[in-house]
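Only the coordinates and a few stated rules stand behind these numbers; no lab work does. Just so you know, these numbers come straight off a predicted model, no measurement behind them. Backbone-built Cβ (ideal geometry, glycine too); neighbour counts: all protein chains shown.
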Amino acid sequence: MMPEAGHYALVLALVLALVQAVVPIIGARRRDPALMNVAASTASAQFMFALISFGALTASHMVSDFSVANVFENSHSLKPMLYKITGVWGNHEGSMMLWVFILALFGALVAVFGGNLPATLRANVLAAQAWIAAAFYLFILTTSNPFLRIANPPVEGRDLNPVLQDIGLALHPPLLYLGYVGFSISFSFAVAALIEGRIDAAWARWVRPWTLVAWIFLTLGIAMGSYWAYYELGWGGWWFWDPVENASLMPWLSGTALLHSALVMEKRNALKIWTILLAILTFSLSLLGTFLVRSGVLTSVHAFATDPARGVFILAILIFFIGGGFALYAWRAGSLKQGGLFAPVSREGALVLNNLLLTTACATVFVGTLYPLALEALAADKISVGAPFFNLTFGPLFVPLLIAVPFGPLLAWKRGDLLGASQRLIAAGLLALAGVALVMAWSWGGPALAPFGVGLAIFVIVGAVSDLVERCGLIRKPALALKRARGLPASTWGTAFAHAGLGLTLLGIVCETTWSDERIATMRAGDQTMVGGYSVRLDGFAQRHGPNYREVTAQFAVARNGAAIGVMEPSKRNFVTRGSATTEAALMTRGFSQLYISLGDLSADGTIAVRLYHKPLVLLIWLGTVVMVFGGGLSLMDRRLRVGAPRPARSAKALQPAE
Amino acid sequence: MTLWFILALMTVAAVFAVLWPLGRAPGAPREGSETAIYKDQLGEIERDLAAGLIGAGEAEAARTEVSRRLLAAADASPVAAAAPQRGLRRAVAVAALIGLPFVSGALYLKLGTPGLPAFPLAERAQAPAATESLDRLVMQVEARLEKNPNDGRGWEVLAPVLMRLGRYPDAIKALRNSIATNGPTATRHADLGEAILMGANGVVTAEAKAEFEHALALDADEIKARYFLGLAAEQDGRTREAAGIWRAMLAKAPDDAPWRPLLQRALARVEGVAAPSEEQIAAAGASDAERGEKVRGMVERLATRLRQDGSDVDGWLRLVRAYMVMGDRDKALASVKDARAALTQDAGRLRQLNEGLKGLGIDG
Amino acid sequence: MTRKQRRLVLIGSALAVLAVAVALVLNALRDSIVFFTTPTDVVEKSIQPGKRFRLGGLVQPGTLVKGGNLAVKFEITDGKSNVKVAYQGILPDLFREGQGVVSEGVLDAGGVFKADTVLAKHDENYMPKEVADALKKQGHWKDDYAAKPEAAGGAAAATSAQGGKP
């Protein structure tokens, strides 16, 4: 009964979405409040049914109801309960259910909290949201239905894949989807604005926080996926420029651009048309990401779906929404009023530069990801575009962006003072130069670019801090600093944290890629090897039994300068019943650096292949993203309305205003 | 019954979600407007100024700009008041009341299977013993072993059952686990070799052969391993060697050994066909080509026999397999056609044939 | 600056950034992409030694040889042609004989493919897409492939293969 109720709830959600897609638009055109209000109540009801449906599927997984084909194919009665639940979205059908569930959730949030929106805007936004929802309900029901049943249920399910039973992999998709789908809100707002032919202040006030929420989740999702790959796949890499990773990076880049342009729009009423375009672009890239991963067009690490019918359907959705969005844009963008003038050197100007570089960088990733597919389709040549391509394109575009980052917040709105901003960044610049010199001296003859990378990271971090110091007046009036710091808007703190986080991540990336030390050795008990200044001795092996596997564990004693500092125990697990093996790497954290050991094959003569890494400051890569997310959160807390006041040219020096 | 009740309840809720806003009294709609936001912004500038966050000059500039926007917004804000559309509302209401249940009902009946009850694990565990099948018992044992893979006795018991069920890959795994936990014995290795051989449609693969040799290394008299090594020799075309092995086994075998007839049959097969013997020393030096010729001769003879009497399903399967192994797919497919033609009258044998062919990887 | 000049500055800088990006992409596409090749391609098209490419196919069963100091040799096949591969390092967990694999490296003068990367991805059932396509083209798919080498290795054929229990 439960699966059938869930199935019917999904059908009802589709029908309600269809109602929600049509009635409110008519209502908004005819200005009928009752018809417009249908949007809010259907959005809430649609969410309720999506919840019932998703809940029924989850419950079926929890009780191992193998009469549901999806449960039979992707679960097993012996899975731990946690992985029975996370297994719901570990497969194609279930993950699409999660997708629409989150979509419905965001729609309901707009319905509930959108009371302060103009009624027509709210109606149009919810209608646009319902179009997306309807398309995906239809996709699920016709090509990826998770509620298909088996008349004679088998006694046991099929899947108990040990590699997928990992908490990092389990949490990665929901976070990523919260990000992807969150951008649907800004898309719907953009479509609504185009339908109405105007963007008002309420529009800007809404779009930025929603974009920020989506951005926060997407950032977390990407970081978690990267960390999972790092510790689970056993070769210590954290980013592979794999198409699936790129599919999530592209919306992140354009979403970051959107975040900054929405800021200009909110505060200065400028860049309206560009912001609309970015909103459409960002969600289009999210849809593209879904398409790439879900259609099986690239068979890659996330390869679950390889059904052409699905691929074609998602492609149709993709073309409909991207094509429709851009067509609407081309048709209606001219009717939007341009506003807000600014000089090229100003906060707006800096944000435009940020947008320009971010979108261009995004475009290069786009080319690198889709070029092989296009080439294969057109010329039947198979190529792979790997890290070297992206290092040569993405890298050079990001360097000027990073140099510009500290300047942005120091420039005034409307017309800025580049000289003044530079003066305030003198400390950061000097520290960065000192860093470059120091690193150069230390690694003389090493990689030529790395010291500059470190210098750039220091510049970004110290630049973010000096912005704060400046605004608190820590140096000029230390007595008042604390009071002023408390008075600073949360969004100012947010900006500083997010930018500093970016610098931290960069520092981690530069150090890890340049000074990572790798040893691959065959060792036998008693052997010793050096990696990154640590001496590592293989003491011996132990056999252990886990709940459903046997493992060989190797004990390594780690010492530095003769002093023992710990034991590391990487292992190789054999899952007996399935006959599959996994490698469990051992990690030892020293400050922000890590030692990383993973095992290869054990030979008959008692030697074992071992992969040892020393990864200096590697943790900063993820710590940086966490700091970025924290900054985003702070900025989200800031419930102030934002008005960007230009700084009067005359009194700039005398008053030293904070914002 | 309860299912239909719940579905009806959900439908009512969905219809209500559409009807509710339509029927509500048109009170003052809760709505934000642009002017309200600008007024808020003006207020905020004052607060920031008071808190010392912005300077007086900056506040003035901001105030001017917001006021300008406020005026523009007040001018532009649509004067057109709400225009109730009674006819439209009624149309939507009727559509929701009739169309929504109809569409969702039709769609669900097309996609769903309302008659099928849920079947969670807990209920299954209490299902009556009548449904207990061998499959189910095996499943339970497998489940236990999944949790406790070091239960050597479990693997030992499970393996032969899996063999009988024809689940050769699982049987291979079970036997490997049994060897790993219980230690290697000649019997276990021989069983493993047999499982591999069965999994390969009766061909003694190199892997299977290695297992049999392993078994013989542990116990030179392991019957099964010796028999299959003989079979390996036969399959490789070394019929003389095969006959030698089997004859030696027969000589040693006790008179009441149950496998005597099998050995005799096998021996008759190779000797009858290939006329082996010690005196044919020339055959020892037979080249590969000659050996291949001999094999082809045997296959031809089988084919001729089957053309005369087409009712022997095993014979057909053997013929098809032989052609497949010789790499002559066309002939294999042709003989599949012949076999089907010969067996059209006999549905039972035809089915047997088709199943056998599936095992060979040829689908009907 | 007038409105027009400001716009010109904006458009100019946008075009400049775009031009740089296009130049970067074209440059990178010329230098840093790697072609995917099957063993048959290698044999038929005679790829120059020293040119980097990816080679994909199945690991020919029975060809894996482990030498000292983590050196391994094996052959990659697409059922039609084989290419010898030499690699030094730890093979991935899922590297098996008879399974799909993708390796990246260069051919040496003797026609041996010196791989510096060997990929077998983490999903158990994963067959790299390129490999699957290539094998389908050759008419070999994983299932029937497993039986093939036995047939080829068994030299002469078998008449009967009874698997009865003695």
If every Lys and Arg gets +1 and every Asp and Glu gets -1 at its Cβ, then about the Cα centre the range B:134-271 yields a dipole, in debye to the nearest 20, of 180
The range A:1-15-the range A:359-414 distance, computed between alpha-carbon centres (Å): 43
Once every DSSP H run of n ≥ 4 in chain A is given -39500 (n - 2.57) and the sum is divided by its residues, what mean residue ellipticity at 222 nm do you get, rounded to the nearest 500 deg cm²/dmol? -21000 deg cm²/dmol
Per 5 Å bin, what percent of the C-alpha pairs of the range B:287-359 does each bin hold, from zero upward? 3, 17, 28, 25, 15, 7, 4, 2, 0
Can you tell me what share of the DSSP beta bridges in the protein assembly as shown is antiparallel? A percent to the nearest 5 is fine. 95
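How shielded is B:313-325 by partner chains, expressed as the average number of their Cβ atoms within 10 Å of its Cβ atoms?
Counting Cβ atoms of other protein chains within 10 Å of each residue's Cβ and averaging gives 3.
Give the calculated FRET efficiency between C:ALA16 and B:ALA36 to the nearest 0.05, with a Förster radius of 45 Å applied to their Cβ-Cβ distance.
Efficiency, rounded to the nearest 0.05: 0.60.
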If R0 is 35 Å, what FRET efficiency do you get for A:SER422 and B:ALA51 from their C-beta distance, rounded to 0.05? 0.75
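Averaged over A:346-357, how many beta carbons belonging to a partner chain fall within 10 Å of each residue's beta carbon?
Shielding by partners across A:346-357 averages 2.
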So, with +1 on the Cβ of K and R and -1 on the Cβ of D and E, and no other charges, what is the size of the charge dipole of the protein assembly as shown about its Cα centre, to the nearest 20 debye? 4480
Please report Rg (one decimal) and Dmax (integer) in Å for the Cα set of the range A:1-115. 16.7, 58
Tell me the trypsin sites (Lys or Arg not before Pro) within the range A:321-380 that lie in a loop according to DSSP and have at most 15 other beta-carbon atoms within 10 Å. A:LYS337
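In square nanometres and to one decimal, what's the mean projected area of the convex hull around the Cα atoms of the protein assembly as shown? Don't skip to the answer; put the middle values down first.
Numbers: hull surface 224.0 nm².
Computing the convex hull of the Cα atoms and averaging its projections yields 56.0 nm².
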Above 25 Å lies some portion of the pair distances; for the range B:134-271, what is it as a whole percent of all C-alpha pairs? 31
Given unit charges at Cβ for Lys, Arg (+) and Asp, Glu (-), the dipole magnitude of the range A:21-86 about its Cα centre in debye, nearest 20, is 280
Show which aspartates and glutamates lie in cross-link reach of A:LYS414 when reach means a straight Cα distance below 13 angstrom and same-chain residues fewer than eight apart are skipped. A:GLU348, A:GLU659, B:GLU58, B:GLU65
Partner shielding of B:86-92, taken as the mean number of other chain Cβ atoms within 10 Å, equals 4
With the range A:191-260 reduced to its Cα atoms and the Debye formula applied, log10 I(q)/I(0) at q = 0.15, 0.22, 0.27 1/Å amounts to -0.61, -0.95, -1.16
For chain A, the fraction of alpha-carbon pairs in successive 10 Å shells from zero, as %: 3, 14, 22, 24, 20, 12, 5, 1, 0
Evaluate the distance, in nm, between pseudo-label points positioned 7 Å from the Cα of A:MET637 and of A:ALA441 along their respective Cα→Cβ axes. 4.1
Holding the Cα-Cα limit at 23 Å, pick out from B:LYS147/C:LYS66; A:LYS382/C:LYS73; C:LYS51/C:LYS84; A:LYS382/A:LYS572; B:LYS224/B:LYS358 the pairs that are longer than that. B:LYS147/C:LYS66; A:LYS382/C:LYS73; A:LYS382/A:LYS572; B:LYS224/B:LYS358
